[in-house]
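The values are calculated or read from the model by the stated rules, or taken from the named source; none is laboratory data. What you see is a predicted model; the values in this text were computed from it and never measured. Cβ sites come from the backbone with ideal geometry, for glycine too, and all protein chains shown count toward neighbours. With ligands, DNA and RNA removed, areas are computed over all heavy atoms of the protein, side chains included. Shrake-Rupley method; radii C 1.70, N 1.55, O 1.52, S 1.80 Å.
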Amino acid sequence: AQTVTQSQPEMSVQEAETVTLSCTYDTSENNYYLFWYKQPPSRQMILVIRQEAYKQQNATENRFSVNFQKAAKSFSLKISDSQLGDTAMYFCAFGDAGGTSYGKLTFGQGTILTVHP
Amino acid sequence: NAGVTQTPKFQVLKTGQSMTLQCAQDMNHNSMYWYRQDPGMGLRLIYYSASEGTTDKGEVPNGYNVSRLNKREFSLRLESAAPSQTSVYFCASSELLHFAKSGNTIYFGEGSWLTVV
């Protein structure tokens with residue numbers, strides 16, 4: 001079974017600065033996907049960024065980028081030029097892409113990010 | 001741009017009562033899911049439906065039943081609610097079940113807050 005660990009329960013950053021959220025995972029699979037989801041106070045889950053394990057290049061989406069270290073099983077999220085609207089709970093999630101997978105996502109415990117003006 | 005719509009958004013039940021959470025998606029997705037989120041934790045999969053006419057158990061299925069009414073709709077039923085089922089419930093959908101085949105991602109609804117007293 002896979003596990004996902006987010007070791008930072010809470011983080012804070014000043015507006016316009018950069019912050020990095022950590023995530024580690026444990027799996028015996030070789031083919032999988034990793035995701036960062038944002039959950040603002042409205043509770044809606046919003047996909048921020050995804051990374052395919054077979055791709056060495058780190059994914060980027062505008063101000064969001066990841067540092068994917070497959071050997072270390074680490075998947076951190078970097079938010080550049082932080083904005084007040086980035087304040088939310090952030091979840092790291094693992095998705096098995098193997099033949100027996102069924103779309104199940106395994107989530108970490110979440111990191112509450114607060115952006116201060 | 002409705003995406004995934006859940007009803008009701010808020011519900012208070014007494015122990016032993018039954019209720020059904022409704023979910024509908026307008027993205028023509030084949031697969032649908034029900035997750036629950038407890039305080040301070042990530043989401044856990046309750047049930048999923050790979051395609052119309054099929055349903056399967058996830059991590060935490062006890063105390064729940066589901067119905068895939070048609071391609072658009074996937075309901076979750078609590079037959080005899082217990083305080084341990086107090087949670088936020090998320091419905092989600094994706095184009096296909098397997099990440100490796102679809103390369104897609106899972107889209108979430110806004111959540112349904114359920115309190116059992």
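Odds and ends about this structure:
- Remark on A:Gly110: its backbone amide H falls under 5 Å from those of A:Gln6, A:Cys92, a criterion applied only to residues 5 or more positions apart or on other chains, H modelled at 1.01 Å from N.
- Karplus (6.51, -1.76, 1.60) ³J(HN,Hα), θ = phi - 60°, over region B:108-113, in Hz, Gly and Pro reported as x: 9, x, 7, x, 10, 8
- The residue among A:Phe35, B:Asn70, A:Phe64 whose Cα reaches farthest toward the positive pole of the charge dipole of the protein assembly as shown, with charges on the beta-carbon of Lys, Arg, Asp and Glu, is B:Asn70.
- Portion, in percent, of the accessible area of region B:31-117 that falls on carbon or sulfur, probe 1.4 Å: 48
- A:Asn58-B:Val117 FRET efficiency (beta carbon distance; Förster radius 35 Å; 0.05 resolution): 0.15
- Amide hydrogen proximity for A:Ala59: with H placed 1.01 Å from N in the peptide plane, the residues at 5 or more positions away or on another chain lying under 5 Å are A:Val66.
- Net +/- balance of residues flanking A:Glu61 in space, Cβ distance below 15 Å, scoring K and R +1, D and E -1: +2
- Equivalent ellipsoid, chain A (semi-axes from 5 times Cα gyration tensor eigenvalues, Å): 25, 14, 12
- Distance from region B:14-51 to region A:1-23 (C-alpha centre basis), Å: 26
- Counting only other chain Cβ atoms within 10 Å of each residue's Cβ, the peptide A:86-97 averages 2.
- Label-zone membership for region B:27-45, site B:Thr15, 7 angstrom Cα→C-beta point, backbone N under 13 Å: none
- Average accessible surface for the protein assembly as shown: 46 Å² per residue, computed with a 1.4 Å probe over protein heavy atoms with every protein chain in place.
- Taking Cα centre as origin and charging only the Cβ of basic (Lys, Arg, +1) and acidic (Asp, Glu, -1) residues, the dipole magnitude of chain A rounds to 220 debye.
- 3J(HN,Hα) along region B:62-72, derived from phi through the Karplus expression 6.51 cos²θ - 1.76 cosθ + 1.60 where θ = phi - 60°, amounts to 4, x, 10, 9, 10, 9, 9, 5, 6, 5, 7 Hz, with x in place of Gly and Pro.
- Per-residue packing, averaged as other Cβ atoms within 10 Å, sorts the ranges B:39-49, B:5-15 into the order B:39-49, B:5-15, beginning with the highest.
- Partner shielding of B:35-41 amounts to 3, given as the average count of beta-carbon atoms from other chains within 10 Å of each residue beta-carbon.
- Computed about the Cα centre, the dipole magnitude for the protein assembly as shown is approximately 360 debye when only Lys and Arg (+1) and Asp and Glu (-1) carry charge, each at its Cβ.
- Burial ranking of peptide ranges B:19-26, B:79-86 (average Cβ count within 10 Å, highest at the top): B:19-26, B:79-86
- Working note: Karplus 6.51/-1.76/1.60 with θ = phi - 60° gives region A:50-66 the couplings 9, 9, 8, 5, 7, 8, 7, 6, 6, 6, 9, 9, 6, 7, 9, 9, 10 Hz, where Gly and Pro are set to x.
- If the segment from A:Lys78 to A:Thr3 were pulled out straight at 0.36 nm per residue, it would be longer than the present Cα-Cα gap by 24.9 nm.
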